[in-house]
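Some notes on the structure that comes next.
The values are calculated or read from the model by the stated rules, or taken from the named source; none is laboratory data. Small disclaimer: the values here were computed from a predicted structure and weren't measured. Neighbour counts run over all protein chains shown; Cβ positions are idealised from the backbone, glycine included. Side chains included, ligands, DNA and RNA excluded: accessible areas come from the protein's heavy atoms. Shrake-Rupley method; radii C 1.70, N 1.55, O 1.52, S 1.80 Å.
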Amino acid sequence: MRFTVFVTAALAAFTMSVEALRNLQKFKVQTEVIEGNQKFDGLWASLYHTGAGTADVYFHNNRTAAFSAFLNHTQFQWVYTGVSQIPYALNLQYQTYAAWGPLEVSPGYGSDYYGKGFVFKNGNQIVDKFEEWTGWLVCDWWHQVPQLFWTQIGAKVKVIPSCAKVQLIART
Ligand SMILES: *[C@@H]1O[C@H](CO)[C@@H](O)[C@H](O)[C@H]1NC(C)=O
Ligand SMILES: *[C@@H]1O[C@H](CO)[C@@H](O)[C@H](O)[C@H]1NC(C)=O
C-alpha cells in the first residue's frame with residue numbers, strides 16, 4: 001500500500017518534470033504539409049525584419065540559418081539575435097471577413113488571447129488553443145518567400161496553389 005502510494009506520487013512528479021523541462025526548451029520550427037503545395041514541406045522558420053523590433057515569420061530550407069524559439073508556458077517566444085535582452089513574442093493578427101490572417105513578432109510576452117495560446121500537441125506539434133485559431137497556413141506572399149499565416153474560425157479554407165496547410169513541428 002505504502003509502496004503503491006509512493007510509486008503513484010513518483011510518476012506524477014516525473015510527468016510534471018517532463019512538462020517543466022519542455023517549458024523554455026529551445027527548438028527550431030519545421031513545416032510538415034498536410035494539404036496543398038508540397039514545396040512548402042520540411043522548411044525552417046526564420047524572422048523577416050519588418051520594422052523596429054517587429055518581424056514576420058518566413059520559411060527557407062537551411063536549418064542552420066533558422067531562428068530558435070521556445071514556449072514560455074503559452075507564450076511563443078523567439079530568440080531574436082538582433083537585440084538581446086528583449087523578449088519577442090509571436091502574435092496572431094485577426095483579419096476581418098477573411099479565411100486567414102497574418103502574424104506579427106513584436107517585443108513582449110504576447111498580447112492577451114492572440115499571443116497567449118500556444119501549446120505542444122501530440123509530442124512536438126505546436127498548436128494554438130485560442131478559440132479563433134483553426135490551423136497554420138504557409139503561402140508565397142508579400143515578401144515573395146513562404147510566409148506564415150493562421151486560418152480563422154468560421155471560414156472554409158480553400159487551399160490555393162501558392163499555399164499549403166501545415167503542421168509546425170518543434171525540432172530540438
Ligand atoms: C546556411 O546558413 C548558414 C548560417 O547562416 C550559412 O553559413 C550557410 O552558408 C548556409 N547554407 C546554405 C547552403 O546556404
Ligand atoms: C516568461 O514570461 C513571463 C511573463 O509572462 C516573464 O516574466 C518571464 O521572464 C519569461 N521567461 C523567459 C525565460 O522569457
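Listed by first and then second residue, the pairs with beta-carbon distance under 8 Å, at least 6 apart or on different chains, first residue in segment 48-67 and over 22 Å from residue 86 (Cα atoms), second open to solvent by less than 30 Å² (accessible area, probe 1.4 Å) and within 9 Å of ligand 1 (Cβ to nearest atom), are 60/66. In summary, residue 66 fulfils each of the numbered conditions (1) in a loop (DSSP other than H, G, I, E, B); (2) modelled with pLDDT of 95 or more; (3) open to solvent by 40 Å² or more (accessible area, probe 1.4 Å); (4) not aromatic (Phe, Trp, Tyr) with the single exception of condition (3). The number of residues in segment 43-57 being loosely packed, with under 15 Cβ neighbours inside 10 Å and of a type outside the set (Ser, Thr, Tyr) comes to 3. Of the residues contained in segment 114-136, one or more are found to be of a type outside the set (Phe, Trp, Tyr), closer than 19 Å to residue 26 by Cβ and either within 16 Å of ligand 2 (Cβ to nearest atom) or in contact with a Gly (Cβ under 6 Å, 6 or more places away or on another chain) (or both). State all residues of segment 118-148 that are within 10 Å of the chain's Cα centre (by Cα) and either in a loop (DSSP other than H, G, I, E, B) or of a type outside the set (A, V, I, L, M) (or both); if no residue qualifies, say none. The answer is 118, 120, 125, 128, 136. Has segment 25-40 got any residue that is part of a loop (DSSP other than H, G, I, E, B), over 12 Å from the mean Cα position of the chain (by Cα) and either within 20 Å of residue 149 (Cβ to Cβ) or more than 16 Å from ligand 2 (Cβ to nearest atom) (or both)? Yes, segment 25-40 has at least one match. Restricting to segment 116-172, count the residues that are under 14 Å from residue 94 (Cα atoms) and surrounded by fewer than 16 Cβ atoms within 10 Å (Cβ to Cβ). Number of matching residues: 4. Pairs linking a residue in segment 83-103 that is in a loop (DSSP other than H, G, I, E, B) to a residue that is within 16 Å of ligand 1 (Cβ to nearest atom), with Cβ atoms under 8 Å and 6 or more positions apart or on different chains, are 86/80. Say we look at segment 88-115 and pick out the residues that are in contact with an Asp or Glu (Cβ under 9 Å, 6 or more places away or on another chain) and open to solvent by 50 Å² or more (accessible area, probe 1.4 Å); which of these is farthest from residue 37 (Cα to Cα)? Selected residue: 113.
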